[in-house]
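K.L.:
Shown below is the structure under consideration.
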Amino acid sequence: EMTNGSIFFHFLEGLRRPPIHKDDFSAWLLKYGPAGEPYAQAISGIDFYFKSLPSLRTELGGTLRKVMGAQS
């Protein structure tokens, strides 16, 4: 349900921000410790260079659902 602008800001722009140079989603998930690590690791595997923002949003949601299903 996020806008393309939110995906750009939190996923792509976050990579350029110090101090950790991670997307915001991964940074937020890592605050949950071991419970968030599988999600953050899965997100870091997304190749975003040649994707449109809508397809990146779709892949991000699908990746998180896949990890959630594996955790059940």
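K.L.:
Measuring with a 1.4 Å probe in the full set of protein chains, what accessible area per residue, in whole Å², belongs to the chain? Working shown, then result.
P.N.:
Working: 4940 Å² over 72 residues.
The answer is 69 Å² per residue.
K.L.:
Another question about this same structure. Helix-derived [θ] at 222 nm for the chain: sum -39500 (n - 2.57) over DSSP H runs of at least 4, divide by residue count, nearest 500? Working shown, then result.
P.N.:
Numbers: 4 runs with 38 residues, N = 72.
Estimated from H runs of four or more residues: -15000 deg cm²/dmol.
K.L.:
Let me ask something else about it. Along the Cα→Cβ direction, 7 angstrom out, place labels at SER44 and TRP28. What is the inter-label distance in nm?
P.N.:
If labels sit at SER44 and TRP28, their model points lie 1.9 nm apart.
K.L.:
Using a 10 angstrom cutoff on alpha carbons, build the Gaussian network for the chain and name the most mobile of GLY14, GLY33, GLY62.
P.N.:
Among GLY14, GLY33, GLY62, the largest mean-square fluctuation in the Gaussian network model of the chain belongs to GLY33.
K.L.:
How high is the FRET efficiency from PHE8 to GLN71, r the C-beta distance, R0 35 Å, rounded to 0.05?
P.N.:
Details: r = 28 Å, r/R0 = 0.80.
E(calc), rounded to 0.05, equals 0.80.
K.L.:
Remind me, relative contact order of the chain in percent, using alpha carbon pairs under 8 angstrom and six or more residues apart?
P.N.:
27 percent
K.L.:
As an exercise, identify the trypsin sites (Lys or Arg not before Pro) in the chain lying in DSSP coil whose Cβ has no more than 11 other Cβ atoms within 10 Å. Write out the running numbers ahead of the final one.
P.N.:
Numbers: sites: ARG16, LYS22, LYS31, LYS51, ARG57, ARG65, LYS66; in loops: LYS22, LYS31, LYS51.
Here the trypsin sites (Lys or Arg not before Pro) that fit, given the DSSP loop and packing criteria, are LYS31.
K.L.:
Which value, in debye to the nearest 20, gives the size of the charge dipole of segment 1-61 about its Cα centre, when Lys and Arg are +1 and Asp and Glu are -1 at the Cβ? Don't skip to the answer; put the middle values down first.
P.N.:
Details: 6 positive and 7 negative charges, 30 e Å.
Around 140 debye, computed over segment 1-61.
K.L.:
For ARG16 and LEU64, compute 0.36 nm times the residue count separating them, minus their Cα-Cα distance, and round to one decimal in nm. Spell out each step's value before the answer.
P.N.:
Working: separation 48, 0.36 × 48 = 17.28 nm, distance 2.23 nm.
Between ARG16 and LEU64, full extension yields 15.0 nm more.
K.L.:
Okay, next question. Whole-Hz Karplus ³J(HN,Hα) for segment 52-60, in order, using 6.51 cos²θ - 1.76 cosθ + 1.60 and θ = phi - 60°, x for Gly and Pro?
P.N.:
Working through the residues one at a time gives 6, 4, x, 6, 5, 4, 4, 5, 4 Hz.
K.L.:
Can you list the chymotrypsin sites (Phe, Trp or Tyr not before Pro) in segment 4-46 that are in a DSSP coil and have 14 or fewer other beta carbons within 10 angstrom?
P.N.:
Values: sites: PHE8, PHE9, PHE11, PHE25, TRP28, TYR32, TYR39; in loops: TYR32.
Of the chymotrypsin sites (Phe, Trp or Tyr not before Pro), the ones in loops of segment 4-46 whose Cβ has at most 14 other Cβ atoms within 10 Å are TYR32.
The values are calculated or read from the model by the stated rules, or taken from the named source; none is laboratory data. Since we're looking at a predicted model, the values are computed, not measured. Here the Cβ is made from the backbone with ideal geometry for all residues, glycine too, and neighbour counts use every protein chain on show. To get the accessible areas, we keep the full protein, side chains included, count just its heavy atoms, and leave off ligands, DNA and RNA. Shrake-Rupley method; radii C 1.70, N 1.55, O 1.52, S 1.80 Å.
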